[in-house]
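*Asks:* Please find one structure pasted underneath; my questions will follow.
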Ligand code: SF4
């Protein structure tokens, strides 16, 4: 580490965020390296180090002898202040080198409110913000992750977006870069060649024209860039790279444990859920693969907790045999298994007993809506009876805390639907008291938590307006007033951040000028309450002559050209329109294992689309 950086560490809250040197970090000799990749997470160390994607790609890149991938996290405000004062640019953890020296500066964009942090990191690195202001064949800014599905609000700043899963496409682009540099090609020549790789989107190669009302008229590819950018997808997860080792942090992070994805995608089709549509079709890993991966990670890290991650753990078709296989060694070695994202209807007696063997913390479920009508609108396919039965089972099994997640502001929602959330909470409380084997001595606590609905691209609700902030606040108060029991806690997320998320999620390229100004004015860490300044954002929109309600609160017609129409995640628009119309009629659609609804993802020729369906 450079001595000038070391000197600052004594003055910051958590020096461990900036030192590197953890178990399993990768150090290479620079003289053997052709390509240096700075893997940047636009949030602090504790958040970034908890993210599975960075663990996978860090190890994958470093398996290649000529690449050295290093980690870079956003310095928290105390460190940032010192870096600015002492004129120290952004640096990578492994070498301590400034990231100006790197060939690739790669960001993962997990949430829209990290956009300004990405720009702030470029600013701290002293790298020109805009793609057009970077000229040599170096400092290639790339980005991937869920927000790459509509990258337009940050299109001016990023050279390449990776669409879909990154395991193959990233390496193909790095290899192309290495060849182009050997041949002495220019940056533009490299970017044009890269645009020919499936899953690569080079925004500079597309012109966007607008109608007088501000909507997109057309998206025109240039220099032979493809009209549609198709996502990359790994169809065989058993043969998809997964690391044997994770870096073990020296300070406490949010999720500090072994993780294995048990499958990608989701069979359900909840109509608000972007991940559920973008990651179609469902592809499972085999029991042996999951078991081996977990074992290796535990051996190389010493972790005593494993999380089996997915969008809906109980939908793994062989969840019981998987747990049996894993429990055969985890019990002996005192390793606990957690199953996040359990569905209400996936909570079987057997599963309860197996999770109980290892873990008894609070239970969380996400019914998402209080009334059955509303759950049908969003295609949640969960019934009140199932929730009550599940809670009763859990209470009999010794639990006495249940947390239920809901959304408010969903399409077609009425005030009765909102009040139904409180009624459902009350029924769960009643279920506890009518349960003969409830835990003795401790009262039940039911926590109702609501988030504001944010319409997202590539979902059936991508055309829907978000409720105005006034309307959302009225609904929050209505729900608060509808809760009458002291056994029920109600908490809600502030709708200000949801509003901004809605603006960015469906924004177009015109928002780039707002982003640029936001960066100039020092805005970053928008998902952190202590840094988020809603009023500043509103005056910024005004200064730029942009009405944020145009993006957040406007209903789009089905024939409007959407800013992300040139990107293809496999689910076709016709299917999404049909799903939206079914939502208006509160009609549900069966899940992929019951019946295929022909969403378009079967073109990837694998996964659930080729399983035998029930009907
Ligand atoms: S094609 Fe059918 S089975 Fe495959 S993801 Fe779409 S709806 Fe599900």
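*Asks:* Mind ranking 309-317, 323-331 by how tightly packed they are, going by the mean number of other C-beta atoms within 10 angstrom, highest first?
*Replies:* Values: 309-317: 20.2, 323-331: 16.3.
Averaged packing, sorted descending, gives the order 309-317, 323-331.
*Asks:* Quick one: length gained pulling residue 554 to residue 209 fully straight, 0.36 nm per residue minus the C-alpha distance?
*Replies:* On the way: separation 345, 0.36 × 345 = 124.20 nm, distance 1.97 nm.
The residue 554-residue 209 span can extend by a further 122.2 nm.
*Asks:* Grab the beta carbon distance between residue 415 and residue 198, set R0 = 45 Å, and tell me the FRET efficiency rounded to 0.05. Don't jump to the answer; show the numbers that get you there.
*Replies:* On the way: r = 48 Å, r/R0 = 1.06.
It comes out at approximately 0.40.
*Asks:* Once both axes come from the Cα atoms, what is the angle between helix 52-63 and the longest principal axis of the chain, in degrees from 0 to 90, rounded to 10?
*Replies:* With rounding to tens, the tilt is 40 degrees.
*Asks:* Quick one: angle between helix 319-330 and the longest Cα principal axis of the chain, in degrees between 0 and 90, rounded to 10, please.
*Replies:* Computed tilt is about 70 degrees.
*Asks:* In region 419-449, whose amide N lies under 18 Å from the spot 7 Å out along Cα-to-Cβ of residue 385? List them in ranges.
*Replies:* It comes to 424, 427-428, 431, nothing else.
*Asks:* Give me the one-decimal nm value for the distance between modelled label points at residue 66 and residue 135, 7 Å along each residue's Cα-to-Cβ direction.
*Replies:* 2.7 nm
*Asks:* When ranked by the protection proxy of mean other Cβ atoms within 10 Å per residue, highest first, what sequence do the peptides 588-596, 215-223 form?
*Replies:* On the way: 588-596: 17.9, 215-223: 14.9.
My ranking of the peptides, most packed first, is 588-596, 215-223.
*Asks:* Say each of residue 538 and residue 611 gets a label point 7 Å from the Cα, pointing the same way as Cα to Cβ; how far apart are those two points in nm?
*Replies:* For residue 538 paired with residue 611, the spin-label model returns 4.8 nm.
*Asks:* Grab the Cα-Cα distance for residue 23 and residue 489, subtract it from 0.36 nm times how many residues apart they are, and report the gain in nm with one decimal.
*Replies:* Details: separation 466, 0.36 × 466 = 167.76 nm, distance 4.11 nm.
Additional length available on full extension: 163.7 nm.
*Asks:* Of the peptides 573-581, 421-429, 69-77, how do they stack up when ordered by the mean number of other Cβ atoms within 10 Å, highest first? Display every interim value, and only then the final one.
*Replies:* Numbers: 573-581: 16.4, 421-429: 20.6, 69-77: 23.2.
Per-residue Cβ counts within 10 Å, averaged per peptide and sorted highest first, yield 69-77, 421-429, 573-581.
*Asks:* Give me the number: length gained by fully extending residue 585 to residue 299, i.e. 0.36 nm times residue separation minus the C-alpha to C-alpha distance, one decimal in nm. Walk me through the numbers on the way to the answer.
*Replies:* On the way: separation 286, 0.36 × 286 = 102.96 nm, distance 5.22 nm.
Separation in residues times 0.36 nm, less the Cα-Cα distance, equals 97.7 nm.
*Asks:* Tally the DSSP beta bridges in the chain and give the antiparallel ones as a percent, rounded to 5. Before the final figure, lay out each step's value.
*Replies:* Values: 12 of 57 bridges.
Counting DSSP beta bridges with both partners in the chain, the antiparallel share is about 20 percent.
*Asks:* With a point put 7 Å past each Cα toward its Cβ, work out how far residue 442 is from residue 228 in nm, to one decimal.
*Replies:* 5.3 nm
*Asks:* If I take every Cα pair under 8 Å that is 6 or more residues apart in region 34-103, average their sequence separation and divide by the length, what percent do I get for the relative contact order? The partial results should precede the final answer.
*Replies:* Working: 84 pairs, mean separation 27.3, N = 70.
Once normalised by length, the contact order is 39 percent.
*Asks:* Between residue 236 and residue 13, take the C-beta separation as r, use R0 = 45 Å, and let me know the FRET efficiency to the nearest 0.05.
*Replies:* On the way: r = 44 Å, r/R0 = 0.98.
Given R0 = 45 Å and the Cβ-Cβ separation, E is 0.50.
*Asks:* Looking only at region 3-230, where both bridge partners belong to it, what percent of the DSSP beta bridges are antiparallel (to the nearest 5)? Could the numbers behind the result be given before it?
*Replies:* Details: 8 of 26 bridges.
Percent antiparallel among DSSP bridges in region 3-230 is about 30.
*Asks:* Does anyone have the angle between helix 384-396 and the longest principal axis of the chain? Alpha-carbon axes, 0 to 90°, nearest 10?
*Replies:* Computed tilt is about 90 degrees.
*Asks:* So if I restrict to the alpha-carbon atoms in the chain, what is the Rg, and what is Dmax, the biggest pairwise distance, in Å?
*Replies:* In Å, with Rg to one decimal and Dmax whole: 24.4, 77.
*Asks:* To the nearest 0.05, how large is the calculated FRET efficiency for residue 217 and residue 85 if R₀ is 51 Å and r is the Cβ-Cβ distance?
*Replies:* Calculated value: 0.60.
All of the numbers you see were taken from the coordinates with simple rules; none came from a lab. Quick caveat: nothing in here was measured; it's all calculated off a predicted structure. Virtual Cβ from ideal backbone geometry, glycine too; neighbours counted across all protein chains shown.
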